[in-house]
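The values are calculated or read from the model by the stated rules, or taken from the named source; none is laboratory data. For clarity, every value in this text was computed on a predicted model and none was experimentally measured. All Cβ positions, glycine included, derive from the backbone under ideal geometry; neighbour counts span all protein chains shown. Heavy atoms of the whole protein, side chains included, go into the accessibility calculation; ligands, DNA and RNA do not. Shrake-Rupley method; radii C 1.70, N 1.55, O 1.52, S 1.80 Å.
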Amino acid sequence: MSEWTRSASMMPELLSALLSGALTTIEITFFSFILATVIGAALAIVQSFPATLPRAVIRVYVEVMRGTPVLTQLFVLYFGLAQIGIKLDPIPVAILGFGINGGALLTEVFRAGLQSVHVGQSEAAFMLGMSRLKALRYVLLPQAMRVVIPPLANYGVGLLKETALASAVAAPELSFYARNLVTKTYLSGPIYVMAATIYIAMSFPLSRLAQHLELRASRGRRAP
Amino acid sequence: MIQLLGDWLPQLLQGVLWTLRLMVLSFALAAVLALPIALARLSANGMLRLLAHLYVELVRGMPSLTLLFLIYFGLPNLGITLRAIDAAVIGLGLNGAAYVSEIYRAGILAIDSGQREAAQMIGMRHRQVLRFVILPQAVRVVLAPLGNFAIALLKDTSVASLISAPEMMLQARDLTSEYFMPLQIYVAVGVMYLLMALPLASLVRFMESRLGAGLPKEKAV
């Protein structure tokens, strides 16, 4: 147990290093969440149009992203692109990778959201002379958000933990710092327990928020 | 390129076998461990409920990577040294059990309370109600989400490469350090994951549509 007493004396420096990693974790999570949401919403809207070619392309994108591990995708972006001369830094690679991966998941989420809005709503909007885009903007999307927000929040919670994989492409986030500290101090037990605690401390409020949103969305829903 | 693919294939296929083995073993561990956790979460005993809830919240609150690191790098200091592949099976199994227990819990709660009441009325004990009435019906509800969990798990096994368990991603890393062609190698690996995930996904869709139809097909005809 000397491992734990030794780590107790080093607590301040271990903790400050891990917490600065946690900031990068939050940064990667935040920006990939935004990117994924934009991609998901845009592609779901394109999919709602009748043109078949873009729909088929989006379908393939979604299946490929959902059928392969994020880690593989990150490695293709980081090591694969470098091979053909496109050298990206670890943090942008992580944001891009998680964003593109999450975009596929959220395309499905937004599609389900748009489909949940009754056809009568868009027909009524067209009757009022709204264009397809106007109807989307003012009638369909606001109503779809109700269905979309709970899974969106759950995706955010999952994403926060998934960003740990960014350590494999050397993005200086929480897991990366934890690993470096372990190679420096050999205090693997205490350091990984601390890292796990920080992850839990970050994801707990988020998952509470997700639960709250889910509850709110299910209240007062019209029966189908 | 074709020639190179031929060179890589034996090692990649070996990776596929390890990946599948890792997935099957951790799936089995998760599926078995999850049942007592789900039952504890629904038990009348407050202490059991609390412990099970704590387990689920803690495990679901941390990345599976952190759990794998804890097991593989943390336990040796306590005198427990595991092979990377065993640490991966245990880590992914413990992690998965938290998720699967929620699937089981939802499945058990989905069974109409009238079923339980009727079973108690005809004199079944608590254990018998669970064994003969609730669980057999819950299996139906649970199958499709379990399938989705299996697909997620297949992809999650890639994380095991980071503790150097010899699955597909690790074989790919080996190959890249030998051939310096990460783009082609990782794309090839992506295709192999896809070839494993797509059949699973269509199986899940099939289960979903069948269970969604309510009645077994032969009765409808």
With Cα coordinates, the longest principal axis of chain A makes an angle with the long axis of helix A:188-218, in degrees rounded to 10, of 20
Expressed per residue, the solvent accessible area of the protein assembly as shown in Å² (1.4 Å probe) is about 50
Checking A:Ala56, A:Ala112, A:Ala36 against a Gaussian network model of chain A (alpha-carbon springs below 10 Å), the top fluctuating residue turns out to be A:Ala56
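Please identify every one of the trypsin sites (Lys or Arg not before Pro) in segment B:55-150 that sits in a loop by DSSP and has no more than 15 other beta carbons within 10 Å of its own beta carbon.
On the way: sites: B:Arg60, B:Arg83, B:Arg105, B:Arg116, B:Arg125, B:Arg127, B:Arg131, B:Arg140; in loops: B:Arg83, B:Arg125.
Loop-located and lightly packed - B:Arg83, B:Arg125.
Among residues other than B:Thr66 whose Cβ falls under 11 Å from its Cβ, what is the net charge (Lys/Arg +1, Asp/Glu -1)? Spell out each step's value before the answer.
Values: positive: A:Lys161, A:Arg179; negative: none.
Here the charged neighbours net out to +2.
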Rounded to 0.05, the calculated FRET efficiency for the beta carbons of A:Lys184 and A:Arg146 at R₀ = 45 Å is 0.35
Taking only protein heavy atoms and a 1.4 Å probe, the highest-to-lowest accessible-area order of A:Lys184, A:Lys161, B:Lys155, A:Lys134 is A:Lys184, A:Lys134, B:Lys155, A:Lys161
Rounded to the nearest 10 Å², the 1.4 Å probe accessible area of A:Met65 is 40
Distance in Å, no decimals, from the C-alpha centre of segment B:1-54 to the one of segment A:6-54 is 25
Pseudo-spin-label distance A:Phe30 to B:Val32, built 7 Å along Cα→Cβ, given in nm, is 4.5
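Top to bottom by accessible area (1.4 Å), largest first, where do A:Ile100, A:Ile198 land? Walk me through the intermediate numbers first.
Values: A:Ile100 50, A:Ile198 20 Å².
Final ranking, largest accessible area leading: A:Ile100, A:Ile198.
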For the pair A and B, the solvent-accessible area buried on both sides (1.4 Å probe; DNA, RNA and ligands excluded), in Å² to the nearest hundred, is 3000
From the Cα centre of segment B:83-123 to that of segment A:125-150, the distance in Å is 40
One finds, for A:Ser218 and B:Met124 with R0 = 45 angstrom and r their Cβ-Cβ distance, a FRET efficiency to the nearest 0.05 of 0.85
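What order do A:Thr29, A:Thr52 take when sorted by accessible area (1.4 Å probe), most exposed first?
On the way: A:Thr29 15, A:Thr52 110 Å².
The ranking, largest first, comes out as A:Thr52, A:Thr29.
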Helix-only [θ] at 222 nm, chain A, -39500 (n - 2.57) per DSSP H run of 4+, per residue, nearest 500, equals -26000 deg cm²/dmol
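Which value, in debye to the nearest 20, describes the size of the charge dipole of segment A:2-218 about its Cα centre when Lys and Arg Cβ atoms bear +1, Asp and Glu Cβ atoms bear -1, and nothing else is charged?
Numbers: 15 positive and 10 negative charges, 92 e Å.
The calculated dipole for segment A:2-218 is roughly 440 debye.
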For chain A, the charge dipole (Cβ of Lys, Arg +1; Cβ of Asp, Glu -1; about the Cα centre) points to a positive end, and the Cα of A:Pro69, A:Gly189, A:Val109 closest to that extreme belongs to A:Val109
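Rounded to the nearest 0.05, what FRET efficiency is calculated for A:Ile84 and B:Ala152 with R0 set to 25 Å and r the Cβ-Cβ distance?
Details: r = 31 Å, r/R0 = 1.23.
Plugging the Cβ-Cβ distance into 1/(1 + (r/R0)^6) gives 0.25.
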Relative to chain B, whose Cα atoms define the longest principal axis, helix B:168-179 and its Cα axis are tilted in degrees, nearest 10, by 10
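Enter the mean number of other protein chain beta carbons within 10 Å of the beta carbon of each residue in A:200-206, as an integer. Please list the in-between numbers first.
On the way: counts 7, 1, 2, 5, 4, 0, 1.
Mean partner-chain Cβ count within 10 Å for A:200-206: 3.
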Here, B:Val139 and A:Tyr138, labelled 7 Å along Cα→Cβ, have an inter-label distance in nm of 5.6
Tilt, helix B:135-156 to longest principal axis of chain B (alpha-carbon atoms), in degrees rounded to tens, equals 20
Projecting the Cα atoms of B:Pro10, B:Leu130, B:Leu33 onto the charge dipole of chain B, where Lys and Arg contribute +1 and Asp and Glu -1 at Cβ, the residue farthest towards the positive end is B:Leu130
